[in-house]
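Quick note: the coordinates plus some simple rules give every number you see, no bench work behind them. Treat the numbers as computed from the prediction; the structure is a model and nothing was measured. For neighbour counting, all protein chains shown are included, and Cβ atoms are generated from backbone atoms with ideal geometry for every residue, glycine included.
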Amino acid sequence: MTNTADEHKGPAATYSDRRVMPYRAEQVFDLVADVERYPEFLPMWEEATIVERGRNFYHTDQVVRVGLLRTRFRSKTVLSRPRHIEVISCEGLFRRFSIGWHFAKIPGGKSCQVDCHLVWEVRSPLLHNILQLILVEAGQSIVTAFEQRADELYGEIATAAQTR
């Protein structure tokens with residue numbers, strides 16, 4: 001007997017965003033890489049615990065809530081400081097989950113361009129349709145939350161540096 005949920009191979013839901021932030025690429029990279037702080041400021045993230053670290057990667061157990069749906073999964077994060085972070089998973093309800101972050105210095109060194117690309121593909125066709133509808137809003141709220149967190153952490157430093 002075949003499991004139709006596992007045979008679901010509909011298109012992945014994707015979302016991309018590009019923002020310019022008035023902070024150094026290294027600062028924003030460090031903020032995004034600090035996964036264990038996500039539950040403090042990131043919508044949907046309830047838990048994030050690093051369970052294994054390597055030189056340029058770590059594995060994280062995470063719990064994310066989207067509306068009434070709550071899911072636990074393990075992800076692998078690959079770090080290429082200060083230019084790129086890739087988060088991937090194929091556990092739990094995800095057939096494929098990835099978030100790619102790219103950080104580019106803007107000439108002058110006081111700001112950076114941040115590109116974020118999310119891909120979510122779930123095993124269940126029903127959940128796929130639901131998540132497809134909310135992915136854009138979720139992606140925007142994630143990127144905005146990082147932007148606001150950067151303002152909280154680096155805003156005064158950036159303001160002081162610009163007035164010198």
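The local environment of P22, defined by Cβ-Cβ distances under 11 Å, has a net charge of +1 under the rule Lys, Arg +1 and Asp, Glu -1. Over the chain, dividing the summed -39,500 (n - 2.57) contributions of all DSSP H runs of at least 4 residues by the number of residues returns a 222 nm mean residue ellipticity of -11000 deg cm²/dmol.
All distinct Cα pairs of the chain go into the 1/r average, and the inverse of that average, the Kirkwood radius, is 16.8 Å. Across the range 12-20, rounded Karplus estimates of 3J(HN,Hα) from the backbone phi angles (6.51 cos²θ - 1.76 cosθ + 1.60, θ = phi - 60°) give 6, 7, 10, 8, 10, 8, 9, 9, 9 Hz, Gly and Pro being marked x.
Sequentially through the range 41-48, phi angles give Karplus couplings (6.51, -1.76, 1.60; θ = phi - 60°) of 9, 9, x, 5, 7, 9, 9, 7 Hz, Gly and Pro residues having no value and appearing as x.
Residue-wise HN-Hα couplings along the range 28-37, as the Karplus relation 6.51 cos²θ - 1.76 cosθ + 1.60 with θ = phi - 60° gives them from phi, are 5, 4, 4, 4, 5, 6, 7, 4, 5, 8 Hz; Gly and Pro carry x. The gain in end-to-end length when the V51 to F73 segment is fully stretched comes to 6.7 nm, 0.36 nm per residue minus the alpha carbon separation. Set the Förster distance to 30 Å, then compute FRET efficiency between R81 and Q148 from the Cβ-Cβ distance, nearest 0.05. That gives a FRET efficiency of 0.85.
Computed from Cα atoms, the angle from the helix 125-162 axis to the main principal axis of the chain rounds to 10 degrees.
Stretching E26 away from R96 to a fully extended chain increases their span by 22.4 nm, per 0.36 nm per residue minus the current alpha-carbon distance. Multiplying the residue separation of I134 and V63 by 0.36 nm and subtracting their alpha-carbon distance yields 23.8 nm. Scanning residues 5 or more positions from H84 or on other chains, those with amide H under 5 Å from its amide H are F103, with H placed 1.01 Å from N in the peptide plane. Under 5 Å between amide hydrogens, built in the peptide plane, is the criterion, and for E91 it picks out R74 among residues at least 5 positions away or on other chains.
Simple point charges give the picture: +1 on the Cβ of Lys and Arg, -1 on the Cβ of Asp and Glu, and for the chain a dipole about the Cα centre of about 420 debye.
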